[in-house]
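Only one structure is covered here, and it is reproduced in the block below.
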Amino acid sequence: MNSLRVSRLAALAVVGVVLLSSCAANEMQDGGGAESLSGELNGSGASSQGSASDVWIAAFQTANPRVTINYSPDGSGAGRKAFISGGVAYAGSDSSLSSEELAGDFAACIPGTKAIDIPVYISPIALIFNIEGVAALKLDPAAIAGIFSGTITMWSDPAITALNPDAELPHAPITAVHRSDDSGTTKNFTDYLARTAPEVWDAPAADTFPYTGGEAAQGTSGVVGAVTNGHNTIGYADASRAGGLGVASLKVGDSYVDYSAAAAAQVVTGSPLVDGRSANDIAIALDRTTTDPTHYPLVLVSYLIVCQEYANPETGALVKAYAKYVASPAGQAEAAKSAGAAPLSAELSAKVATVIESIR
Amino acid sequence: MTSPAASAPVKTRSRPADRVFASSALAAGILILTALGAVAVFLIAQSLPAFLVDPAELPTAPTSFWEYVAPLAFGTVWAAALALLMALPVSIGIALFISHYSPRRIAQTLGYIVDLLAAVPSVVFGLWGITVLAPFVQPFYAWLVANLGWIPLFAPPVSGTGRTILTVAIVLAVMILPIITAVCREVFLQTPVLHEEAALALGATRWEMIQTAVIPFGMPGIISASMLGLGRALGETMVVAMVLSPALVINFVLTGSANPPTIAGNIALNFPEAHGVGVNALIATGLILFVITLLVNSAARVLINRRKAFSGAN
Amino acid sequence: MTVTTGIVNSLTSARLPKWVPWALLAGSWAVLAVVYGILAAGSGGDYNIVAVIFLGTVLFDVLLVTTSYLVEGSRKARDRLVTSLVATAFVIAMLPLVSLVFTVVVDGWKRFDIAFFTQSMRNIVGAGTEQFPGGALHAIVGTLEITGMATLISVPVGLLAAIYLVEYGRGHLSRAITFFVDVMTGIPSIVAGLFAFALFALVFNDPGIRFGFGGAIALTLLMVPTVVRSSEEMLKLVPNELREASFALGVPKWLTIVKVVIPTSIAGITTGVTLAIARVIGETAPLLIIAGFTSSMNYDLFSGRMMALPLFVYTQYANPGTDVQPYLDRAWAAALTLILIVMLLNLVARLVARIFSPKLGR
């Protein structure tokens, strides 16, 4: 009796193993040209470009079925660290390589050569809010800084009502939601406030949110969830995730600018490059204090960090082909469609393309 | 069978199978010690830079490393203590219900249901905590703050989303409940039937029987179970990271937006973006968590050893 | 007639009839329902059913204990108080479980289809296509292999260590092991992942190492203390009389342990092991560090990145595309799968326990 039961169990286990070891249905598609690439490429880095990466990888793997690319959204810091130590072939990062990092060695590159930053993912950061009966909100940097640093605590504060004469703002406390994890989004947001409203926002740009007031939530999903589920809330998040929430327009110069992909791409194109880098390093010093009303200065730029010259030429060829696709108009359009990114402008796109050609 | 029989016990000692078994058991114990030693060496080596470096380079630029760690250590202990406070009485209640109150056939099903709760992975608890529990409890918090705000525990302002340390503690309590219950249940079921029947025969009510026979017998087990639960609550990462709205502060407010963070949650939140000495600082907080657990467990061991007389194997 | 009542009274005089507690319970709930109904009608607020049940139960407890005290005396009253508290504890514990299971099943059912179990996430974007909506096969395989390997390592080691502690261990070494096993429960899961990563990066001299076996080692570190702790507790509860009886029959010590001590406590040990598996199967952070993240299949524990279900749940929740819903559906379906896997393990463990444990009275 017992042995029968055991053997039945064993049979069940065998069936289960056979079932599970059959290949995944979606991985059995064959195809691809004869000249297609093959190999495995591992990347790691910012979660901001994670969903765009999914799109790029899917398209690239479809075109080259014998290639497998893994991008783990571990975070920019972890990605850069893994890249520098040679753990991954490329990194995704919300900030460009620092001068200290550039001064050191890169294990994946030919000794003596350096890594370069290539901007591939531009995402406007939206100020999402959820206030009963309010559909549109206009804010200037000083008001935003006041709300998030805790000096403005009520929606009926004159600093806000003066900017929104038409809106019926409730006399209710503000719940300002910020990121509880360190993130590039927070860094760009605080950088924007520190430059545009230094008299209110007395903390420097940082991955960590500098004040202890307000509500904290993990990740973009957490912030969006907290703003959606809470009352009289406001938060900052990648614009692609704003969904049905209200989005505040920012005061730029003398007018109010709604976030848009075009305006976000414009400010990136109009910003100068970081000084003292190699000719192929496109690290952008974002111009937050722009007064041009076609610009939306609250943006996040995420980079692909790759070697100028790879120690392993096969990896170099793979990275080059992948980067080429990512920066191509087709790749950028895919990311815009599925991940809500702002495509690179034609001008920047051309510059990026020439840099990618130089990867070896 | 007279004098040679006396030397028989000596003969048994030389059985090779016995020796193999005993030494493999010993080897397992030593293996565990080695593994732990390796982890400790790794932890200490990785956290040393955080203690030695200029504190201004640490995250949030505190005046000393301890200023950075204090809210984290406090939050860890506070959240775990709250969770244990809620879970322990309930767990003992459930364990007693299963072992001594419900009919036997129902008891088995109930035991299975509680084990099912233990089967729910922490990510799922996190998802449930955010999407279901936090919005559900927020009105209660608002009521507490409005009516009992004079108690420091419920000091205003109230959190607008319900993602407070009390919510986290509730989720943690639900998480450790099945662990504590499962161990307590097994221990209660092992109470010698003779003890129980003796108590009942003397005219004790069911509660008096439990008081005099079951609880004293199960005490070391209860403590041990609590420690298992506490260990999980102290080290729980995902739930805290997903649910809590943290700020680097020390306070006892249960219903506000600024809650002391926990060490494990803080590591999970900030490790991905950490670089340079920040990584060492996070691992150093891990070392502190290690030490906290060590202290808690030593205390528990002392308690258990005092009551060793009740163990069957002694 | 009068005589019989007299006799019955002498046995039951100090007893409440069986229907009284139930009547009191229904009565208290009804009273609270009316009170809250009036409150809700007066203020125009929502009808608070949870508060009705909770406060009603409290009122019931108070009423029952008072009545019992008046009729039956203090000892009986205390007994009733504890009984009602124990029952209340049970109800309280069931509330979150019901809510949680309900949420997971309802949300997870939407994508709990064949495609979910036959496809990976390779080349799947957003909701995918009609034919390939994406699934978690790669994560299911990864979780089973990694957790299986971790169990394979930690159960023998943990059980042997517990046997050493209970049956052999005396003196400093045994005390040290007991103590440090406790300390080990305090290893934060992410530290276990970092340690495994540092170890294997050193051993294989590969700074980017990611493979399933490393994940299994990290999980083993987390699993062993739980296994040791619960097994030790269960072995200790085996009465010494059983051991002595076995020795008296001339059975060697190791056979006594294998044939008497372990079978007697097998139910508790398997419960402990299942709890330990449940504890580690949901780990996310250490696996992200050492087992890696991939959307493609990988059956090889010893090479290449390997996905796991909790990681799948987490990334689907945390990094969705513009269209969030399909990602969330997949996350909940994976959560449901994870729970079902552990339930299945639990069932198997119970079967094992039933096959091997001696037939006892209870």
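The values are calculated or read from the model by the stated rules, or taken from the named source; none is laboratory data. Note that this is a predicted model, so its numbers are computed, not measured. Glycine gets a Cβ as well: all are built from the backbone with ideal geometry, and neighbour counts include every protein chain shown. The accessibility values were calculated without ligands, DNA or RNA, using every heavy atom of the protein model including side chains. Shrake-Rupley method; radii C 1.70, N 1.55, O 1.52, S 1.80 Å.
The table below lists the values:
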item	result
Which numbered condition C:SER99 misses (of (1) assigned to a helix (DSSP H, G or I); (2) modelled with pLDDT of 85 or more; (3) under 34 Å from the mean Cα position of the chain (by Cα))	(2)
Filter result for C:PRO156 (open to solvent by less than 10 Å² (accessible area, probe 1.4 Å), closer than 29 Å to B:PRO178 by Cβ, at the interface with chain B (Cβ under 9 Å from one of its Cβ atoms) and without any contact (Cβ under 8 Å) to a residue 40 or more places away in the chain)	no
Condition check for B:LEU244: away from chain C (no Cβ under 14 Å) and within 28 Å of C:MET223 (Cβ to Cβ)	yes
Tally of residues being more than 16 Å from A:SER358 (Cβ to Cβ) and either crowded, with 24+ Cβ neighbours inside 10 Å or not assigned by TED's automatic domain parsing to the domain that holds A:ARG80 (or both) across region A:107-124	5
Single residue of region C:117-130 satisfying the filter (surrounded by fewer than 22 Cβ atoms within 10 Å (Cβ to Cβ) and among the hydrophobic types (A, V, I, L, M, F, W, C)) that is nearest to the other protein chains (Cβ to nearest Cβ)	C:ILE124
Region C:293-322: number of residues that are more than 8 Å from every other protein chain (Cβ to nearest Cβ) and surrounded by fewer than 22 Cβ atoms within 10 Å (Cβ to Cβ)	4
C:ASP329 among the charged types (D, E, K, R) and surrounded by fewer than 18 Cβ atoms within 10 Å (Cβ to Cβ)	no
Candidates C:ARG354, C:ARG350 - the one that is more than 9 Å from chain B (Cβ to nearest Cβ), open to solvent by 20 Å² or more (accessible area, probe 1.4 Å), of a type in the set (Lys, Arg) and over 13 Å from C:GLY142 (Cα atoms)	C:ARG354
Complete set of residues in region B:194-209 that are under 22 Å from B:GLY93 (Cβ atoms) and either touching a Gly at 6+ places or on another chain (Cβ under 9 Å) or within 11 Å of chain C (Cβ to nearest Cβ) (or both)	B:ALA204, B:THR205, B:ARG206, B:TRP207, B:GLU208, B:MET209
Exclusive hit being among the acidic types (Asp, Glu) and in contact (Cβ under 8 Å) with a residue 60 or more places away in the chain, set C:GLU244, C:GLU232	C:GLU232
Candidates C:LEU336, C:LEU347, C:LEU311, C:LEU328 - the one that is touching a Leu at 6+ places or on another chain (Cβ under 6 Å) and of a type outside the set (D, E, K, R)	C:LEU311
Some residue of region C:264-274 being under 28 Å from C:LEU344 (Cβ atoms), of a type outside the set (A, V, I, L, M, F, W, C) and touching a strand residue (DSSP E or B) at 6+ places or on another chain (Cβ under 6 Å)	no
Those residues of region A:152-183 which are open to solvent by less than 40 Å² (accessible area, probe 1.4 Å), among the aliphatic types (A, V, I, L, M) and without any contact (Cβ under 8 Å) to a residue 40 or more places away in the chain, in sequence order	A:ILE152, A:ILE160, A:ALA167, A:LEU169
Index of the failed condition, A:SER149 passing every other in (1) away from chain B (no Cβ under 14 Å); (2) of a type in the set (Gly, Ala, Ser); (3) open to solvent by 20 Å² or more (accessible area, probe 1.4 Å)	(1)
Within region C:159-237, helices (runs of 4 or more DSSP H) holding 2 or more residues that are more than 7 Å from chain B (Cβ to nearest Cβ) and over 30 Å from C:PRO310 (Cα atoms)	C:171-184
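Per-residue answers, yes or no, for (1) under 22 Å from the mean Cα position of the chain (by Cα); (2) aliphatic (A, V, I, L, M); (3) buried (at least 18 other Cβ atoms within 10 Å of the Cβ); (4) farther than 22 Å from C:LEU237 by Cα:
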| site | (1), (2), (3), (4) |
| --- | --- |
| B:LEU202 | no, yes, no, yes |
| B:THR212 | no, no, no, no |
| B:SER224 | yes, no, yes, no |
| B:GLY229 | yes, no, yes, no |
| B:ALA241 | yes, yes, yes, yes |
